[in-house]
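The values are calculated or read from the model by the stated rules, or taken from the named source; none is laboratory data. From a predicted model like this one, the values you see are computed outputs, not experimental measurements. Here the Cβ is made from the backbone with ideal geometry for all residues, glycine too, and neighbour counts use every protein chain on show. Areas reflect the complete protein model, heavy atoms only, side chains present, ligands, DNA and RNA absent. Shrake-Rupley method; radii C 1.70, N 1.55, O 1.52, S 1.80 Å.
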Amino acid sequence: MKVRIRRFFPWAWMLFAVFVLLPLLRPGLWASHDTFHHLFRSFDLDYALRGGNLYPRWLPNLGFFYGYPVLNFYAPLGYYLIVLVHWLGSGFITSIKWVYVVSFLTASGLAYLWGREIWGVEGGLWVAVAYTYFPYHVANAYVRGAIAEHLAFVFFPLILWLLHRIVEEEEPKASDVVWLSIAVAGLVMTHILSAFMFLPFAALYLVGLLVGEGKVGWQKTLLPVVGGLGGGLLSSFYWLPAIMETGWIRAGRVALSVTEPLKLLSPISGMFSPFLIQRYTPDQGAFFQHPYSQWQVLLMLAGLLAGVLAWKKLTRKQKVVLIVSMLLESLVFFLMIRPSRPLWVHFHPLVFLQFPWRFQGVAGVFSSLVVGVIPLAVKLVFGNRKWMRATLLALVALLWAATSMLGLHLEPLTWPETGKPVVNENDVNFHSMAQYDYQTALWARLWGGPWLLEYLPVTEKVPREEFWLPRKGPSPWNRAYEPPESVSLGRQCPLSHRLVVDAPSDTYIRWHQFWFPGWHASVDGRSVETSPSPQLGLVTVPIPKGKHSVKIWFGSTTHRLVGDVLSAAAALLLLYWLWRSGGRREFGFLVLALIAWLALWGAQNTLHSTCTTPSRTWRTVEDSFALLGCDAYRQNGHLYVTAYWMDTRPTGENLTTFVHADDGKGRIVAQHDGPPCESFSPTSRWEPGEIVPDRHLLSPKGSARVEDASRFEIGIYRLNPSFQNLAMKDRQGRPAGISWITDKCGAK
């Protein structure tokens with residue numbers, strides 16, 4: 001019996017974590033604050049990655065297909081994990097759930113290893129249980145849907161555990177320092193705000209460890225610093241541009257005047273839940289949106305009492321860790337209550353945290369560690385009867401799981417347009433993405449909210465409540481536009497566009513993407529400067545007279561280039577140090593992991609590339625528009641057809657575009673009619689010279705299949721004052737009917 005218990009204990013943390021995973025067995029996704037954000041950012045990241053980009057800072061389809069620089073600012077690691085699981089065969093809905101599974105289990109396992117380092121095996125299990133069922137940890141998954149913050153819980157105990165290993169080993173291993181660098185970089189690239197909150201506390205914790213060790217050599221003091229700096233350099237490709245270029249997006253301007261966090265600081269009495277079974281926002285029953293649970297406070301107090309009772313049995317290290325943990329827990333608590341207001345006022349970077357209760361993530365780390373001392377006191381009561389101690393731990397785990405989980409009231413996440421549950425993987429597409437964007441923009445229009453549409457570039461001058469709606473009032477364009485004689489489409493990738501422009505005089509073209517630093521262009525191989533248009537801030541490229549090859553792409557800036565170089569140099573130096581120090585196994589693992597990722601990315605770009613070469617035409621419509629061509633691809637039983645339009649003379653009308661697909665014999669297979677870009681780029685908003693990729697999602701009609709589509713008809717019509725298909729003309733100005741019919745729409 002004793003042997004079985006001894007073997008079981010090191011793996012018990014995994015069994016205890018099972019209960020927190022049970023909600024993931026439900027079909028589909030659950031209603032939470034941020035789930036749609038993560039679903040569609042991952043969806044668009046997958047699209048951009050399969051277009052030949054290793055790190056696409058720009059996601060081209062978000063923001064009503066104008067694009068947002070999401071991954072220039074938001075930490076990317078969580079989205080890459082979702083895409084990785086997707087590439088291994090899961091749909092996006094299932095991939096999100098698998099990432100939560102991995103996050104919960106990994107965080108629990110690392111909390112166990114960290115706790116074991118200090119309190120032993122049993123103490124490590126108590127720490128793992130406390131950490132797994134800490135209410136804010138649960139809320140990040142099932143209430144907030146904050147997958148990045150949830151993944152940050154993986155790195156908190158990992159970093160602290162590695163600090164212990166470096167400080168306590170007589171000869172610290174280079175591999176531990178390298179892993180510390182990777183862990184710090186991982187935290188930064190998972191959720192930079194969590195890194196901003198946690199790393200100062202980790203530094204204070206390190207000071208406590210060094211004090212607890214007594215006299216330590218320079219290595220044990222310096223190596224953790226080297227590990228931290230290494231992590232900062234490894235992740236500099238992300239955080240350096242994120243910090244330096246914040247002023248180019250709305251969030252950077254809004255943060256200068258936001259005072260909402262001050263209103264959310266809690267009175268001390270509002271920090272604690274009044275319920276034994278924890279309830280979650282908006283029914284938490286306390287001022288603080290994510291209060292301490294009664295069970296959490298009870299176990300933390302029990303840990304303090306256990307520390308007092310077992311004080312004489314504690315080692316110097318354990319005493320120091322217990323004291324430091326309580327001091328840090330007190331400091332975190334202070335940062336969430338109203339007496340800390342002067343600090344929030346005078347240290348303005350705290351405003352970027354948005355919500356003081358985000359510090360509950362750090363609070364959960366140290367309150368869980370305090371719980372780990374309890375088995376040392378329990379052993380004084382039960383002695384060596386391990387089965388009794390195991391029974392007590394199991395009861396505590398069940399009670400903690402019950403008090404944290406039973407108060408959850410999960411409702412299915414539903415699609416904004418239909419109200420149907422988010423269950424079917426085929427429903428994750430560009431149409432539902434546009435509806436998600438609409439839901440967010442409509443909220444901003446009706447109720448405001450300083451952080452909504454935070455990635456909107458500041459060069460976009462139309463109010464955020466209106467840029468996706470039809471334009472009203474007189475035309476803002478006073479000067480006549482001199483359109484090209486023709487524009488021929490070349491290779492089109494998510495972040496790279498090739499064209500041939502034949503211009504009778506100096507002119508310009510605009511691409512249907514918001515301008516942002518990093519948009520580049522070349523004409524006949526020579527670099528030209530892009531600029532934002534005066535209204536929507538679209539990418540604008542000057543075109544000289546004549547016929548020219550034009551390339552438009554999203555690339556680097558000085559800050560991004562410096563960050564890339566620093567990260568690459570840090571990676572090479574750390575790998576070299578690891579190899580020279582004898583860490584051949586770790587070196588091989590890291591290199592093989594990198595090769596495997598590159599191979600998988602290459603396979604996706606080879607087999608499922610999102611780059612196309614559109615079929616080309618030049619059909620003018622009432623001297624106001626030109627149809628340039630189309631491309632099409634089939635996916636998940638749907639047919640996506642993109643018609644490329646160009647505005648040659650701005651109009652105040654809001655027209656309807658259409659794409660019909662038939663089987664070549666006149667039988668309609670699928671069709672879609674609607675305002676351009678899923679209704680959110682009305683023709684009255686089109687700007688002179690703007691090229692608009694107008695994507696249509698076509699679903700088969702009746703028993704038809706998308707594979708039956710062999711001919712496409714594309715056109716545009718007006719509905720008011722009466723229905724009228726708009727006539728087209730060919731390159732020579734001859735009448736060409738009311739639509740363009742083609743047997744082929746692009747090629748991969």
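For region 274-287, the set of residues classified as surrounded by 14 or more Cβ atoms within 10 Å (Cβ to Cβ) and either of a type in the set (D, E, K, R) or within 26 Å of the chain's Cα centre (by Cα) (or both) consists of Arg279, Tyr280, Thr281, listed by residue number. Considering Ser486, Ser505, the condition of being under 26 Å from Pro675 (Cα atoms), open to solvent by 10 Å² or more (accessible area, probe 1.4 Å) and either polar (S, T, N, Q) or out of contact with any Cys (no Cβ under 9 Å at 6 or more places or on another chain) (or both) is satisfied by Ser486 alone. Per this entry, Leu84 is not counted among residues that are open to solvent by less than 10 Å² (accessible area, probe 1.4 Å), at pLDDT 95 or above, of a type in the set (A, V, I, L, M, F, W, C) and not in a loop (DSSP other than H, G, I, E, B). Looking only at residues of region 445-460 that are among the charged types (D, E, K, R) and over 24 Å from Ile96 (Cα atoms), we find that the one that is most open to solvent (accessible area, probe 1.4 Å) is Arg445. One residue stands out among those in region 386-444 that are open to solvent by 60 Å² or more (accessible area, probe 1.4 Å), among the hydrophobic types (A, V, I, L, M, F, W, C) and more than 30 Å from the chain's Cα centre (by Cα): the one that is farthest from Tyr142 (Cα to Cα), which is Trp387. Applying a threshold of 9 Å to beta carbon distances and a minimum spacing of six or more residues, or different chains, the list of pairs starting in region 110-137 at a residue that is of a type in the set (Val, Ile, Thr) and ending at one that is outside any helix (DSSP H, G or I) reads Ile118/Gly372; Ile118/Val373; Val127/Gly372; Val129/Ala17; Thr132/Ala17. Assess whether Arg510 counts as being of a type in the set (Lys, Arg), within 28 Å of Asn654 (Cβ to Cβ) and either open to solvent by less than 30 Å² (accessible area, probe 1.4 Å) or assigned to a strand (DSSP E or B) (or both). In short, yes. The set of residues in region 461-471 being touching a residue at least 60 places away in the same chain (Cβ under 8 Å) and open to solvent by 50 Å² or more (accessible area, probe 1.4 Å) consists of Lys461, Pro470. In region 301-317, how many residues are among the aromatic types (Phe, Trp, Tyr) and open to solvent by 100 Å² or more (accessible area, probe 1.4 Å)? Matching residues across region 301-317 total 0.
Within the group Glu170, Glu149, which residue is charged (D, E, K, R) and surrounded by 22 or more Cβ atoms within 10 Å (Cβ to Cβ)? Selected residue: Glu149, the only one of Glu170, Glu149 that is charged (D, E, K, R) and surrounded by 22 or more Cβ atoms within 10 Å (Cβ to Cβ).
When you scan region 636-647, do you find a residue that is surrounded by fewer than 17 Cβ atoms within 10 Å (Cβ to Cβ) and of a type in the set (D, E, K, R), even just one? Within region 636-647, not a single residue is surrounded by fewer than 17 Cβ atoms within 10 Å (Cβ to Cβ) and of a type in the set (D, E, K, R).
Matching residues to (1) out of contact with any strand residue (DSSP E or B) (no Cβ under 8 Å at 6 or more places or on another chain); (2) in a helix (DSSP H, G or I); (3) hydroxyl-bearing (Ser, Thr, Tyr); (4) closer than 15 Å to Leu572 by Cα:
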{"site": "Ser175", "(1), (2), (3), (4)": "yes, yes, yes, yes"}
{"site": "Val188", "(1), (2), (3), (4)": "yes, yes, no, no"}
{"site": "Phe198", "(1), (2), (3), (4)": "yes, yes, no, no"}
{"site": "Tyr205", "(1), (2), (3), (4)": "yes, yes, yes, no"}
{"site": "Leu209", "(1), (2), (3), (4)": "yes, yes, no, no"}
{"site": "Leu222", "(1), (2), (3), (4)": "yes, yes, no, no"}
{"site": "Gly228", "(1), (2), (3), (4)": "yes, yes, no, no"}
{"site": "Gly232", "(1), (2), (3), (4)": "yes, yes, no, yes"}
{"site": "Tyr238", "(1), (2), (3), (4)": "yes, yes, yes, no"}
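Among the residues examined, Arg41 does not qualify as at pLDDT 95 or above, assigned to a loop (DSSP other than H, G, I, E, B) and within 25 Å of His512 (Cβ to Cβ).
Condition check ((1) of a type in the set (Lys, Arg); (2) open to solvent by 10 Å² or more (accessible area, probe 1.4 Å); (3) in contact with a Gly (Cβ under 6 Å, 6 or more places away or on another chain); (4) closer than 20 Å to Thr259 by Cα) across all residues:
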site	(1), (2), (3), (4)
Phe352	no, yes, no, yes
Gly364	no, no, no, no
Val373	no, no, yes, no
Lys379	yes, yes, no, no
Gly383	no, yes, no, no
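Taking Met271 and the conditions (1) under 25 Å from Met405 (Cβ atoms); (2) surrounded by 21 or more Cβ atoms within 10 Å (Cβ to Cβ), which numbered condition does it fall short on, given that it satisfies the others? Every listed condition holds for Met271 apart from (2).
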